[in-house]
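The values are calculated or read from the model by the stated rules, or taken from the named source; none is laboratory data. Quick caveat: nothing in here was measured; it's all calculated off a predicted structure. Quick reminder, even Gly has a Cβ in these numbers, built from the backbone with ideal geometry, and neighbours come from all protein chains shown. Ligands, DNA and RNA are stripped out before the accessible areas are found, and what is left, the full protein with its side chains, is counted by its heavy atoms. Shrake-Rupley method; radii C 1.70, N 1.55, O 1.52, S 1.80 Å.
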Amino acid sequence: MMAATSRLGLTILAVVLFAASSATALRCYTCNSYDNSECFSLPSNFTEEEYRDNRTIPGRLLVECPPDAQGRPPLCRKMDILILGGSLPDHVRVVRECGYEHSRRPCYNLENGGHEELVCHCNTDGCNGGSPLTLSGVLLASTGLLLRLMHR
C-alpha cells in the first residue's frame, strides 16, 4: 500500500513539474524572409488567443523553444542580414529563431564572407518580433552598402 502511494505521489509530482515547465517555455518567432515575407515585420505583443489561432501571425510563427541537448535555456534571436553580391542584387534578409549561444551584449555585428549581420538576442515571449530591430537592421544594411560602394 505504501509503495502504491509513493508511486502515485511521484506521478503527480512529475505531472505538476511538466505542466510548470511547459507553462514557462519561452516562445520565439521562427521564420526566414527568404521564403516568408511576413518575417520582415511581426508584432511583439500578442494575446494568448492570437497565439492559439493559426490564422494569426503569432499563431503561425511563434514556437515554444525547449532547452538544447546540453540543457542550456533558450533565447530568442533575430538576425538582419545584408547579402552582398552573388546572383541577386544586394538585399536584406531577416531570420528569427530560437537560439542557445548567449552573448554579453544584446546585439552585435558579424561579417561573414558575402554578408554582414546584425544579431540581437532577448528572452521574453515574442521579443524577436516587432520593428525596432528591423529598423536598426535596415540602417546597418544601408551603412554597409554605402561603405562598400564608396570603397569600390
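If you check ARG60, ARG93 for being surrounded by 13 or more Cβ atoms within 10 Å (Cβ to Cβ) and not in a strand (DSSP E or B), only one passes: ARG60.
Pairing residues of the range 78-99 that are touching a residue at least 60 places away in the same chain (Cβ under 8 Å) with residues that are of a type in the set (S, T, N, Q) and buried (at least 20 other Cβ atoms within 10 Å of the Cβ), at Cβ distances under 6 Å and at least 6 apart in sequence or on separate chains, gives ARG96/ASN128. Close Cβ contacts (under 8 Å, 6 or more residues apart or on different chains) running from residues in the range 115-128 that are at positive phi to residues that are open to solvent by 20 Å² or more (accessible area, probe 1.4 Å) and assigned to a strand (DSSP E or B) comprise GLY126/ARG27.
Restricting ARG105, ARG60, ARG152 to those that are within 15 Å of the chain's Cα centre (by Cα) and either at pLDDT 90 or above or basic (Lys, Arg) (or both) reduces the list to ARG60.
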